[in-house]
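Step one of this worksheet: look at the structure below.
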């Protein structure tokens, strides 16, 4: 496999030439950092843009996956330093090709952008540039505290996705991709993430098309909660302030954080929010991902559509979907 050099705004990368399942050539660049490592004082917080690096970065192997329980091996693995992306391209030269930006599922508590599951063999031969990403999961990606002084309103994992998109928009031309033809797509909560990105002001202008597979911003399965009461209960403490809780969590090793996370039960009902996932942020800043309920944003820009759940007995639909039905059917004669 030949080594390939590419220059991006942060420095130089060394990738490799590979062969797909059918023996066709493509170029692989793996383990590219797109943000500063979210460790120490940056734990739980929104990601920050990456500084330039010195020398040539080795992009011939994948970076760390974000810390979580592995779906297959069923053990906790990965690292807090995990904000990496992979790029696979059939050509490094003109004409520029459409870009497909994949967001993995996993309930916001597992999975990664690894080629172990999301290899490029069946997309790159269709003359597209494929990007896969890691984003923070569980408590590290979706802790939500209401105290504005702490700067942790929630949705850090979704903000990781935004920053990865911005990195791709700025650099993908160097890999033969068209920065003005980026399609985001994802499955399960990855599909929900796509829907959230369609609604968030933070992602305006950084992608052009979207494919939502299975997930939705209207599903409770990707919704999280205010974290302090849940974690206080898991710690067997009657009450804690946000400040007190954050002090405890910052002192824990990542392994201890996830052992604590797994003491918080997942809901059995689809109508109940999960412990960690998307939240409507409790206060506004310049970096707010979403400050309104997704359905209210959708309703404000659409009118007169028939509801998709028309064949389902209306009162059997979970409350969030009934609200969709009520809003749209009220505008239909």
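The values are calculated or read from the model by the stated rules, or taken from the named source; none is laboratory data. Keep in mind that what you see is a predicted model, and the values were worked out from it rather than measured. All Cβ positions, even for glycine, are placed from backbone atoms using ideal geometry, and neighbour counts span all protein chains on display.
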Assess whether residue 28 counts as being farther than 29 Å from residue 251 by Cβ and in contact (Cβ under 8 Å) with a residue 40 or more places away in the chain.
yes
Unique residue being modelled with pLDDT of 60 or more, crowded, with 17+ Cβ neighbours inside 10 Å and more than 20 Å from residue 195 (Cβ to Cβ) when the list is 265, 282, 275, 294:
275
Quick check on residue 205: is it loosely packed, with under 14 Cβ neighbours inside 10 Å, farther than 20 Å from residue 67 by Cβ and in the same structural domain as residue 180 (by TED's automatic domain parsing)?
yes
Return the total of residues in region 31-56 being crowded, with 17+ Cβ neighbours inside 10 Å and in contact with a strand residue (DSSP E or B) (Cβ under 7 Å, 6 or more places away or on another chain).
7
Between residues in region 198-212 that are modelled with pLDDT of 95 or more and residues that are assigned to a loop (DSSP other than H, G, I, E, B) and surrounded by 13 or more Cβ atoms within 10 Å (Cβ to Cβ), which pairs lie under 6 Å by C-beta distance while being six or more apart or on different chains?
200/289; 200/290; 202/289
Here's a check for you: in region 78-104, which residue that is farther than 26 Å from residue 48 by Cβ and surrounded by fewer than 20 Cβ atoms within 10 Å (Cβ to Cβ) is nearest to the chain's Cα centre (by Cα)?
98
Evaluate region 33-45: report whether one residue or more is assigned to a strand (DSSP E or B) and assigned by TED's automatic domain parsing to the domain that holds residue 124.
yes
Residue that is modelled with the highest pLDDT, among those in region 164-190 that are buried (at least 23 other Cβ atoms within 10 Å of the Cβ) and within 19 Å of residue 277 (Cα to Cα):
164
Residue list for region 1-20, filter: part of a loop (DSSP other than H, G, I, E, B), surrounded by fewer than 18 Cβ atoms within 10 Å (Cβ to Cβ) and at pLDDT 95 or above:
9
Test residue 59 against the criterion of being within 23 Å of residue 123 (Cα to Cα), touching a strand residue (DSSP E or B) at 6+ places or on another chain (Cβ under 8 Å) and surrounded by 22 or more Cβ atoms within 10 Å (Cβ to Cβ), and give yes or no.
yes
Only unsatisfied item for residue 136, checking (1) in contact (Cβ under 8 Å) with a residue 40 or more places away in the chain; (2) over 23 Å from residue 290 (Cα atoms); (3) assigned to a loop (DSSP other than H, G, I, E, B); (4) touching a strand residue (DSSP E or B) at 6+ places or on another chain (Cβ under 7 Å), is (2)
Residues of region 147-163 being outside any helix (DSSP H, G or I) and either surrounded by fewer than 24 Cβ atoms within 10 Å (Cβ to Cβ) or at pLDDT below 95 (or both), which ones?
147, 151, 152
Run residue 242 past the list (1) farther than 26 Å from residue 300 by Cα; (2) in the same structural domain as residue 95 (by TED's automatic domain parsing); (3) surrounded by 17 or more Cβ atoms within 10 Å (Cβ to Cβ) and report the number of the one that doesn't hold.
(2)
Pick out the one residue from 64, 86 that is in a strand (DSSP E or B), within 30 Å of residue 139 (Cβ to Cβ), in contact with a strand residue (DSSP E or B) (Cβ under 6 Å, 6 or more places away or on another chain) and modelled with pLDDT of 95 or more.
86
Going by the conditions given, is residue 73 at positive phi, out of contact with any strand residue (DSSP E or B) (no Cβ under 9 Å at 6 or more places or on another chain) and in the same structural domain as residue 114 (by TED's automatic domain parsing)?
no
Given 215, 222, which one is touching a residue at least 40 places away in the same chain (Cβ under 8 Å), over 28 Å from residue 97 (Cα atoms) and surrounded by 20 or more Cβ atoms within 10 Å (Cβ to Cβ)?
222
